[in-house]
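One structure is given below, encoded as structure tokens.
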Amino acid sequence: MNNPMLPNAALRVLFLSMEEVMGQHGVNAVLNAARLAHFVNNYPPADLEPCVLFEEYATVVKAVEDFYGPRAARAQLIRVGRATFQYALKEHPATLGLAGVALKVMPLHMQMKAVLGNVAAGMTKDLHEPAYVEEQADSFVYVKDMCGACQGRKAERPVCFTTVGAILGSLKWATGKNFDVTETVCRAMGGATCTFHILKTPLD
């Protein structure tokens, strides 16, 4: 896929989440810095039409990093990622496929497996970012074969903080607990995938 496309809703949710974390002026500054001023006060519609280049999404994420600096940007982008999950849950609840009530009666590791699997299915079907989940003895492995946040980028360390935040947000919503999520392979570093390890034991 030479020019992979994301749906309009993916970029819209990113902008709304950035606005929640950074404020309107922060979003405008980032968009201007990213040379995407045409999106200032003009977010894409909330539909699933594939009209956004992966590179545009990556450019916005990179502009946030440049705006804040590496250390602060990591924290901000994780917050943005958490917010993207909440917006996706609100605007496209069918994507996740499971009602919260059904999750509450499951054992913890099944809650984790269910929500991670449904997030991966939603990524694959609606966001055109093929993803899947593998279960290991003490962890889950969340794998993305395509990733908007790092498309066309080269980096010395993992950069998919919005995905980390979205995973953290989904797990908190499903279980009420916080977990350790670490990106161990990143396409921006030359990896074949973006891979995230999630320990089954919660931090709290």
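State in Å² the accessible area per residue of the stretch 1-54; use a 1.4 Å probe, count heavy atoms of protein chains only, and round to the nearest integer. Kindly include the intermediate steps, with their values, before the conclusion.
Working: 2620 Å² over 54 residues.
Each residue of the stretch 1-54 exposes 48 Å² on average to a 1.4 Å probe.
For the chain, give the percent of accessible area contributed by carbon and sulfur heavy atoms, probe 1.4 Å, rounded to a whole number.
Details: 5280 of 9530 Å².
Its accessible area is 55 percent carbon and sulfur atoms.
Of LEU31, LEU168, LEU48, which has the largest mean-square fluctuation in a 10 Å C-alpha GNM of the chain?
So, out of LEU31, LEU168, LEU48, the one fluctuating most is LEU48.
Using alpha-carbon pairs under 8 Å, 6+ residues apart, how would you state the relative contact order of the stretch 33-168 in percent? Let's see the in-between values first.
On the way: 133 pairs, mean separation 43.2, N = 136.
Dividing the mean separation by the residue count of the stretch 33-168 yields 32 percent.
If I fit a long axis through the Cα atoms of helix 24-33 and take the longest principal axis of the Cα atoms of the chain, what angle between them do I get, 0 to 90°, rounded to 10?
Taking Cα atoms only, the helix is inclined about 60 degrees.
Using the Cα atoms as the points, what is the convex hull volume per residue of the stretch 8-52 in Å³?
60
Take every Cα-Cα pair in the stretch 101-204 and report what % of them are more than 17 Å apart. Walk me through the numbers on the way to the answer.
Working: 2609 of 5356 pairs.
Above the 17 Å cut-off, the stretch 101-204 has 49 percent of its Cα pairs.
Filter the trypsin sites (Lys or Arg not before Pro) in the stretch 1-79 down to the DSSP loop ones having no more than 14 other Cβ atoms within 10 Å, then list what survives.
Values: sites: ARG12, ARG35, LYS62, ARG71, ARG74, ARG79; in loops: ARG35.
Passing sites in the stretch 1-79 are ARG35.
Would you please give the FRET efficiency between HIS109 and ALA75, computed as 1/(1 + (r/R0)^6) with r the Cβ-Cβ distance and R0 = 25 Å, to the nearest 0.05?
Details: r = 28 Å, r/R0 = 1.12.
So, using R0 = 25 Å, E works out to roughly 0.35.
Select from LYS172, LYS104, LYS144 the residue whose mean-square fluctuation is largest in a Gaussian network model of the chain (Cα-Cα springs shorter than 10 Å).
Among LYS172, LYS104, LYS144, the largest mean-square fluctuation in the Gaussian network model of the chain belongs to LYS104.
Stokes-Einstein diffusion coefficient for the stretch 143-201 at 10 °C in a medium of 1.306 mPa s, Rh from the Kirkwood formula over Cα pairs: what value in µm²/s? Don't skip to the answer; put the middle values down first.
Values: Rh = 11.8 Å.
After rounding, the answer is 134 µm²/s.
By the scheme Lys and Arg +1, Asp and Glu -1, what is the net charge of all other residues having a beta-carbon under 15 Å from that of ILE167?
After counting each charged neighbour, the total is +3.
Measuring from centroid to centroid over Cα atoms, what is the spacing of the stretch 65-79 and the stretch 135-186 in Å?
16
When only C-alpha pairs under 8 Å and at least 6 residues apart count, what is the relative contact order of the stretch 149-201, in percent? Walk me through the numbers before you get to the answer.
Numbers: 77 pairs, mean separation 19.7, N = 53.
RCO, the stretch 149-201: 37 percent.
How far apart, in nm, are two points set 7 Å out from the Cα along the Cα-to-Cβ line at ASP145 and at ASP180?
Distance between label points: 3.0 nm.
To test your reading of the geometry: what angle, between 0 and 90 degrees and rounded to tens, separates the Cα axis of helix 70-91 from the longest principal axis of the chain?
Roughly 70 degrees between the two axes.
Taking all pairs of distinct Cα atoms, average 1/r, flip it, and tell me the Kirkwood hydrodynamic radius of the chain in Å to one decimal place.
Working: mean 1/r = 0.0591 Å⁻¹.
The Cα-based Kirkwood calculation yields 16.9 Å.
Could you state the per residue volume, in Å³, of the convex hull enclosing the Cα atoms of the stretch 130-172?
Working: hull volume 4.0 nm³, N = 43.
Dividing the Cα hull volume of the stretch 130-172 by its residues yields 94 Å³.
Which residue, chosen from LEU31, THR59, GLY169, occupies the Cα position most advanced towards the positive end of the dipole of the chain, where the dipole is computed from +1 (Lys, Arg) and -1 (Asp, Glu) charges on Cβ about the Cα centre?
GLY169
Which residue fluctuates most in the GNM of the chain (Cα springs below 10 Å): VAL61, VAL80, VAL141?
Residue with maximal mean-square fluctuation among VAL61, VAL80, VAL141: VAL141.
Relative to the longest principal Cα axis of the chain, at what angle does helix 108-126 sit, 0 to 90 degrees, rounded to 10?
Computed tilt is about 40 degrees.
Starting from the stretch 130-192, pick out the GluC sites (Glu not before Pro) whose DSSP state is loop and whose Cβ has at most 15 other Cβ atoms within 10 Å. Write down the numbers at each step before the final one.
Numbers: sites: GLU134, GLU135, GLU156, GLU183; in loops: GLU156.
Passing sites in the stretch 130-192 are GLU156.
Can you give the FRET efficiency to the nearest 0.05 for HIS38 and GLU91, using r as the Cβ-Cβ distance and R₀ = 30 Å?
Numbers: r = 22 Å, r/R0 = 0.74.
Efficiency, from the Cβ-Cβ distance: 0.85.
The values are calculated or read from the model by the stated rules, or taken from the named source; none is laboratory data. Quick caveat: nothing in here was measured; it's all calculated off a predicted structure. In this analysis, Cβ positions are derived from the backbone assuming ideal geometry, glycine residues included, and neighbour counts consider all displayed protein chains. These accessible areas exclude ligands, DNA and RNA; they are computed on the full protein's heavy atoms, side chains included. Shrake-Rupley method; radii C 1.70, N 1.55, O 1.52, S 1.80 Å.
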